[in-house]
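Following: one structure in structure tokens, then a few remarks.
The values are calculated or read from the model by the stated rules, or taken from the named source; none is laboratory data. What you are looking at is a predicted structure, and each value in this text was computed from that prediction instead of being measured. Backbone-built Cβ (ideal geometry, glycine too); neighbour counts: all protein chains shown. Areas reflect the complete protein model, heavy atoms only, side chains present, ligands, DNA and RNA absent. Shrake-Rupley method; radii C 1.70, N 1.55, O 1.52, S 1.80 Å.
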Amino acid sequence: MPDTPLSSEAAASWQALTGLCRDAWQAGLLRGFNGNASVRLPDGTMLITRSGCDKGRLREEDACVQAPDGALLCGGPASSEGRMHLAIYAALPQTRAVLHTHPPRLLALSLRLAAKEGENWRDAFLSLPLFEARTWRQRLAFAPALPPGTPELARAVAQAAQTAPAVWMEGHGLCCHGENPAFCLDLSEHLEHLAGIQLESMGAC
């Protein structure tokens, strides 16, 4: 297991990532050990949360650095979703941050709509007669239900991410990407907020 200490640049990025995860945890987008977050460092490597860590209480030993080919350079064990993050960075060179959360309202909405609408549930997902909803719904793409941590999921999410900054992974959660961590969190919070409105309008809250 590589035990090389973080570079000063990586250490500064880790502090930002720690703040991002703490804010996501406080917003209820992350709980327990679920979810993961990463940033692309200037040298092309990826700084990501390690597998099985509490995102609301991150420590420096929870940091991992991976090469673009997935090789572990520092820390570990690497997040099981590291393959997905790396696939997004490879497909979108301008992307600098990725945040994967398990938002409870979005998950509840997806389950309720799937039970109600069947195979057409995607058409109703975050479909509200609100100008705000129309704007943000256009920033959401979908990836099929695939086992977490697999190459198949990584490829599907990376492909969907090329069309929108947010990807809903069926039966799994939300993955947002952008030029900085703050954008990823803001987008996640906004979509979760809209899900809450839709659940209320359906009498589900």
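Is at least one residue of region 65-82 out of contact with any helix residue (DSSP H, G or I) (no Cβ under 8 Å at 6 or more places or on another chain) and at positive phi?
Yes; the residues of region 65-82 include at least one that is out of contact with any helix residue (DSSP H, G or I) (no Cβ under 8 Å at 6 or more places or on another chain) and at positive phi.
Just to be sure, is Ala145 over 30 Å from Pro77 (Cβ atoms) and touching an Asp or Glu at 6+ places or on another chain (Cβ under 8 Å)?
The answer is no for Ala145.
List, please: which pairs have Cβ atoms under 8 Å, are six or more places apart or on different chains, and start with a residue in region 168-182 that is on the phi > 0 side of the Ramachandran plot and end with one that is of a type in the set (A, V, I, L, M) and in a loop (DSSP other than H, G, I, E, B)?
Gly171/Ala145
Let's see how each residue does on (1) within 30 Å of Trp121 (Cα to Cα); (2) of a type in the set (A, V, I, L, M):
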site	(1), (2)
Ala12	no, yes
Leu17	no, yes
Leu47	no, yes
Glu61	no, no
Tyr89	yes, no
Gln94	no, no
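Could you identify the single residue in Thr45, Thr49 that is at pLDDT 90 or above, crowded, with 22+ Cβ neighbours inside 10 Å and out of contact with any Leu (no Cβ under 6 Å at 6 or more places or on another chain)?
Checking each option against the conditions leaves just Thr49.
Of everything in region 160-173, what is under 15 Å from the mean Cα position of the chain (by Cα) and surrounded by fewer than 18 Cβ atoms within 10 Å (Cβ to Cβ)? Give them in sequence order.
Scanning region 160-173 gives Gln162, Ala164, Glu170, Gly171.
Which of the following residues is out of contact with any strand residue (DSSP E or B) (no Cβ under 6 Å at 6 or more places or on another chain) and among the small types (Gly, Ala, Ser): Ala143, Ala161, Ala182?
Criteria check complete, one pass: Ala182.
Please name all residue pairs, on different chains or six or more residues apart, with Cβ atoms under 9 Å, provided the first residue is in region 49-74 and is over 15 Å from Asn36 (Cβ atoms) and hydrophobic (A, V, I, L, M, F, W, C) and the second residue is assigned to a helix (DSSP H, G or I) and modelled with pLDDT under 90.
From residues that are over 15 Å from Asn36 (Cβ atoms) and hydrophobic (A, V, I, L, M, F, W, C), the pairs are Cys74/Ala10.
Of all residues in region 191-205, which are modelled with pLDDT of 95 or more and open to solvent by less than 50 Å² (accessible area, probe 1.4 Å)?
Leu191, Glu192, Leu194, Ala195, Gly196, Gln198, Leu199 - these are the residues of region 191-205 that are modelled with pLDDT of 95 or more and open to solvent by less than 50 Å² (accessible area, probe 1.4 Å).
Can you go through Ser127, Ser79 and tell me which one is among the polar types (S, T, N, Q), out of contact with any Gly (no Cβ under 7 Å at 6 or more places or on another chain) and more than 29 Å from Leu199 (Cα to Cα)?
Result: Ser79 is the single residue among Ser127, Ser79 that is among the polar types (S, T, N, Q), out of contact with any Gly (no Cβ under 7 Å at 6 or more places or on another chain) and more than 29 Å from Leu199 (Cα to Cα).
Would you call Gly196 small (Gly, Ala, Ser), in contact (Cβ under 8 Å) with a residue 12 or more places away in the chain and touching an Asp or Glu at 6+ places or on another chain (Cβ under 8 Å)?
Taking the combined requirement at face value, the residue does not satisfy it.
Tell me which residues, restricted to region 26-38, are at pLDDT 90 or above and either buried (at least 24 other Cβ atoms within 10 Å of the Cβ) or at positive phi (or both).
Gly28, Leu29, Leu30, Gly35, Asn36, Ala37, Ser38
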